[in-house]
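Colleague: Quick one: this structure, given as structure tokens, is what I'll be asking you about.
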Amino acid sequence: MIKAALPALPVIGSLPGIKHSRGDLPRTTLLRRGVTTDQRHLDRYRRVCGFAPSSFLPATYPHLAAHTLHLTMMTDTSFPFTPMGAVHLRNRITQHRPIGVAESYDISLRAAQLTPHPKGQLVELLSEARVGDELVWDESMTVFFRGRNGSGPEPTTPPLDRLDAPRGPVHWTLPGSLGRSYGAVSGDRNPIHLYPLTAKAFGFPRNIAHGMWTKAKCLSAIDALPNAYTATVEFKKPILLPSTIVFGTEEQPGRTVFGVRSQDGATEHLVGTIVAS
């Protein structure tokens, strides 16, 4: 079943008394047609994430259009989990070719897989962007939902084969307001990212950076990305705000490995790979 996505109200599905189904993932595919780019919004996104001006979209930018679909799906009562407290563990984006700023595209979302986890469930969400009939971009998000029906062993072979985040010379100093800045441009205003007080309600000592900001910031710092490539990341320990983090890259056969660590190098925050298509 395919249906158009209505504007989502992120909190509705989490209100007391709103019951989510306890069955399988919905089989619905959500679709947004004719997505266009507002140049002023794109400029704000580039400033927050560090991308240079270009006639093409950053590979992480269509994620913002997909985010509306994520909210629509996860706040619908047919979705078996509430979005509050969801943890984004992994993200894979494939840019099949650059999307021009002036191009319009259709973007779709479906829930692809439900996997048991000892502490809850893992859900894979798949998004695709098409210009006409041409697949130009796709994304896989693995999201952890804590709670009921947890079973099964811990995954033994992570997608990135237990890579270590490279140690590098680039330092980024992140302000306490970063979560609010990225939240304003991305639409992701999860309270764990906004203020220390709102983050403490979910068990964090301070507000934390968005994982997708961290991925975007890394890609913005890598020179000469291919026109077609896959960027896969695993999110490790959250980045508490404010803080200083260290970014590094390492060339390996067939791929570029990149990562983010704490200033002292002891804590990994993100590790990722770029593989040309």
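FYI, it's all coordinate maths here, none of it is from the lab. In this text the structure is predicted, and so the values were computed from the model without any measurement. Heads up, the Cβs are rebuilt from the backbone with ideal geometry, glycines too, and the neighbour counts pull from every protein chain shown.
Colleague: 222 nm [θ] for the chain, helices only, -39500 (n - 2.57) per DSSP H run of 4+, per residue, to 500? Please report the intermediate quantities before stating the final value.
Modeller: Working: 5 runs with 49 residues, N = 277.
So the helix-based figure for the chain works out to -5000 deg cm²/dmol.
Colleague: Moving on to the next point. Can you find, among His63, Pro83, Ser108, the residue farthest towards the positive end of the dipole of the chain? Put +1 on the C-beta of Lys and Arg, -1 on that of Asp and Glu.
Modeller: Pro83
Colleague: Could you give the length gained on full extension between Arg167 and Lys237, defined as 0.36 nm per residue of separation minus the Cα-Cα distance, in nm? Show your work: numbers first, answer last.
Modeller: On the way: separation 70, 0.36 × 70 = 25.20 nm, distance 1.58 nm.
Separation in residues times 0.36 nm, less the Cα-Cα distance, equals 23.6 nm.
Colleague: Same structure, new question: Determine the percent antiparallel among the DSSP beta bridges restricted to the chain, to the nearest 5. Before the final figure, lay out the partial values.
Modeller: On the way: 69 of 72 bridges.
Of those bridges, close to 95 percent are antiparallel.
Colleague: Also, I was wondering about something else. With a ≥ b ≥ c the root eigenvalues of the C-alpha gyration tensor of the chain, is it rounded (a/c under 1.5), prolate (a/b larger than b/c) or oblate?
Modeller: Working: a/c = 1.37, a/b = 1.12, b/c = 1.23.
Rounded.
Colleague: Any chance you could check the Cα centroid distance between region 235-269 and region 121-142 for me, in angstrom?
Modeller: 25 Å
Colleague: Based on the Cβ-Cβ distance from Asp43 to Ala276, what FRET efficiency comes out when R0 is 25 Å, to the nearest 0.05? Could you put the intermediate results ahead of the total?
Modeller: Details: r = 28 Å, r/R0 = 1.12.
It comes to 0.35.
Colleague: Counting pairs of alpha carbon atoms under 8 Å apart in space and at least six apart in sequence, what relative contact order in percent does the chain give? Mind showing how you got there, number by number?
Modeller: Working: 614 pairs, mean separation 50.6, N = 277.
Dividing the mean separation by the residue count of the chain yields 18 percent.
Colleague: If each residue of separation counts as 0.36 nm, what is the full-extension length gain between Arg180 and Glu134 once their alpha-carbon separation is subtracted? Show your work: numbers first, answer last.
Modeller: Values: separation 46, 0.36 × 46 = 16.56 nm, distance 3.50 nm.
Extra length available between Arg180 and Glu134 comes to 13.1 nm.
Colleague: Same structure, new question: As an exercise, use a Förster radius of 25 Å and the Cβ-Cβ distance of Arg146 and Arg27 to find the FRET efficiency, rounded to the nearest 0.05.
Modeller: On the way: r = 24 Å, r/R0 = 0.96.
My answer for the efficiency is 0.55.
Colleague: Please arrange Val131, Val136 by counting, for each residue, the other beta carbons lying within 10 Å of its beta carbon, fewest first. It would help to have the intermediate numbers written out before the result.
Modeller: Working: Val131 15, Val136 21.
Going from sparsest to densest Cβ surroundings: Val131, Val136.
Colleague: Separate question: Let me spell out the model: positive unit charges on the Cβ of Lys and Arg, negative unit charges on the Cβ of Asp and Glu, origin at the Cα centre of region 157-277. What dipole size does that give, in debye rounded to 20? Walk me through the numbers before you get to the answer.
Modeller: On the way: 12 positive and 9 negative charges, 96 e Å.
Dipole size: approximately 460 debye.
Colleague: Can you compute the modelled spin-label distance between Glu251 and Lys119, with each label point 7 Å from Cα toward Cβ, in nm?
Modeller: A separation of 3.9 nm, rounded to one decimal place.
Colleague: If you don't mind, another one. Can you compute the charge dipole magnitude of the chain about its Cα centre, using +1 on each Lys and Arg Cβ and -1 on each Asp and Glu Cβ, nothing else charged? Give it in debye, rounded to the nearest 20. Present the calculation step by step, with values, prior to reporting the outcome.
Modeller: Numbers: 30 positive and 22 negative charges, 180 e Å.
Roughly 860 debye for the chain.
Colleague: Step through the residues of region 199-209 one at a time and calculate ³J(HN,Hα) from phi using the Karplus curve (6.51 cos²θ - 1.76 cosθ + 1.60, θ = phi - 60°), rounding each to whole Hz and writing x for Gly and Pro.
Modeller: 6, 5, 5, 10, x, 9, x, 8, 5, 10, 6
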